[in-house]
Amino acid sequence: MSKFLDDRFQSLEEYVPGEQPKDTVYTKLNTNESPYPPGPATIKAVCGQKGAEDLRLYSDPDSTALKDAIAKRYEVKRQNVFVSNGSDDILNFAFMAFAQNGAVFPEISYGFYEVFAALHHVKYEKIPLIQGFNINPENYWHKNKLIVIANPNAPTGRTISQKSISDIAMSNPESVVLIDEAYIDFGGSTAAAQTKIYKNLLVVQTFSKSRSLAGARLGFAIGSRELIGDLEKIKYSTNPYNVNRITAAAGVAALSEDDYYQANCKKIMRTREQTVVALEKLGFEVIHSMANFIFVRSEDIDGEELYEKLKEKKILIRHFDNPAIKQYNRITIGTPEEMEILLAAVGELMSAADSGEE
Ligand SMILES: *Cc1c(COP(=O)(O)O)cnc(C)c1O
């Protein structure tokens, strides 16, 4: 750190993203990317001559075509849609804009919430999960602070019901309730329709996971005209061209071939269930997940050791240092072939652990 850095940031602990190794020898199951490529229409939108030539022009600051495509897909109006450079951008804006009275989020959740809170000097409360890594919705009633809940939650994959979401929105009329639906397409149900009833409810989604566009950086929010207007105000005060031309075109194309992505999600869900069964056979405890990852632990091998040993075998999974979950690892669901590679490696490690103990 230099002496030039503002005192306000001297003690900021930044978010540490999952490893993105430069070589491709790894079976990469650590950052919840899709194992499947974007669909043909999306690829065409990204690679076309015209799109490339148009890069000399700024992108549409209103992102009209993209917002219209999202609005149509989620049955809302354009005025109810906000788009951004990845959904992390929206989370950042929300902590910047809506946390005047503080923020509340689950103790075990997406690590970035705490970083955004610290960045914007927001006082925050972390609410412990209950039995089985579940969220108790009542713990979020009557807070009247910015409430941020990932549904499904990360890294646990646990969901909360639509009723729980409406109860939370209803009991916090003076504050924003943000539901981060990064993993909603893997078996959950979106609260998008409820934003028509609750003006304080903001649903945030991303094209990074279920639509194979992590590298394009495209996130969006659905909410009341008022909340979307607030986000637009921040956006126009930060970077009016926050969604670039190629990404906007990719987003429109991706929504035109939504069936392709929904089919991929189904494949991933099937692979997830097969992987759960296989890991349970190997003695693992697996949290029931509605996301494109599973959260696992074994009594027979230390969490960090499993991570290290798999890395030696060129398989990357995600390990967190947080003491409450350090015996666990989060494993992204890849293709069936990738999961075979994982299961073979885990099988070898477990039999080695067995013989070592006796
Ligand atoms: C991956 C993820 C995001 C960020 O997604 P981007 O759109 O790639 O910025 C947000 N929230 C959760 C819970 C995530 O896992």
Just one of (1) of a type in the set (Val, Ile, Thr); (2) buried (at least 19 other Cβ atoms within 10 Å of the Cβ); (3) not in a strand (DSSP E or B) trips up THR190, so point out which.
(2)
Mind checking whether some residue in the range 18-31 is modelled with pLDDT of 95 or more and part of a helix (DSSP H, G or I)?
no
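Return the residues of the range 224-240 that are under 19 Å from ALA69 (Cβ atoms) and away from the ligand (no atom under 16 Å from the Cβ); say none if nothing qualifies. Don't jump to the end; show me each part of the working.
If we filter the range 224-240 for residues that are under 19 Å from ALA69 (Cβ atoms), which is where we start, we get 225, 228, 231-232, 235.
Of everything in the range 224-240, those that are under 19 Å from ALA69 (Cβ atoms) and away from the ligand (no atom under 16 Å from the Cβ) turn out to be ARG225, ILE228, GLU232.
Among the listed residues ARG245, ARG297, identify the single one that is among the basic types (Lys, Arg), over 24 Å from ILE341 (Cβ atoms) and in contact with a Gly (Cβ under 7 Å, 6 or more places away or on another chain).
It is ARG245.
Could you run through the range 211-227 and say how many residues are surrounded by fewer than 22 Cβ atoms within 10 Å (Cβ to Cβ) and touching a helix residue (DSSP H, G or I) at 6+ places or on another chain (Cβ under 8 Å)? Break it down into steps so the answer makes sense when it comes.
From the range 211-227, those surrounded by fewer than 22 Cβ atoms within 10 Å (Cβ to Cβ) are 214-215, 217, 224-226; that's our starting set.
Then keep just the ones that are touching a helix residue (DSSP H, G or I) at 6+ places or on another chain (Cβ under 8 Å); that gives 217, 224-225.
Summing the residues that are surrounded by fewer than 22 Cβ atoms within 10 Å (Cβ to Cβ) and touching a helix residue (DSSP H, G or I) at 6+ places or on another chain (Cβ under 8 Å) in the range 211-227 gives 3.
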For the range 166-187, give me each residue that is farther than 30 Å from ARG270 by Cβ, without any contact (Cβ under 8 Å) to a residue 60 or more places away in the chain and crowded, with 23+ Cβ neighbours inside 10 Å.
ILE168, ALA169, VAL177
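Residue by residue, here is whether (1) among the charged types (D, E, K, R); (2) at pLDDT 95 or above; (3) under 19 Å from the mean Cα position of the chain (by Cα); (4) under 25 Å from ASP62 (Cβ atoms) holds:
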site	(1), (2), (3), (4)
HIS121	no, yes, no, no
ILE149	no, yes, yes, no
ARG158	yes, yes, yes, no
VAL177	no, yes, yes, no
ARG211	yes, yes, yes, yes
PHE220	no, yes, yes, yes
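If a residue has to be free of Cβ contacts under 8 Å to residues at least 40 places away in the same chain and within 11 Å of the ligand (Cβ to nearest atom) to count, how many in the range 199-215 make the cut? Walk me through it before giving the result.
At the first step, the residues of the range 199-215 found to be free of Cβ contacts under 8 Å to residues at least 40 places away in the same chain are 199-201, 203, 215.
Filter once more, so that each one left must be within 11 Å of the ligand (Cβ to nearest atom): 215.
The number of residues fulfilling the criteria is 1.
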Can you say whether ALA99 is touching a residue at least 24 places away in the same chain (Cβ under 8 Å) and away from the ligand (no atom under 16 Å from the Cβ), as far as the supplied structure shows?
yes
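The values are calculated or read from the model by the stated rules, or taken from the named source; none is laboratory data. Quick caveat: nothing in here was measured; it's all calculated off a predicted structure. Glycine also receives a Cβ, built like all others from the backbone with ideal geometry; neighbour counts cover every protein chain displayed.
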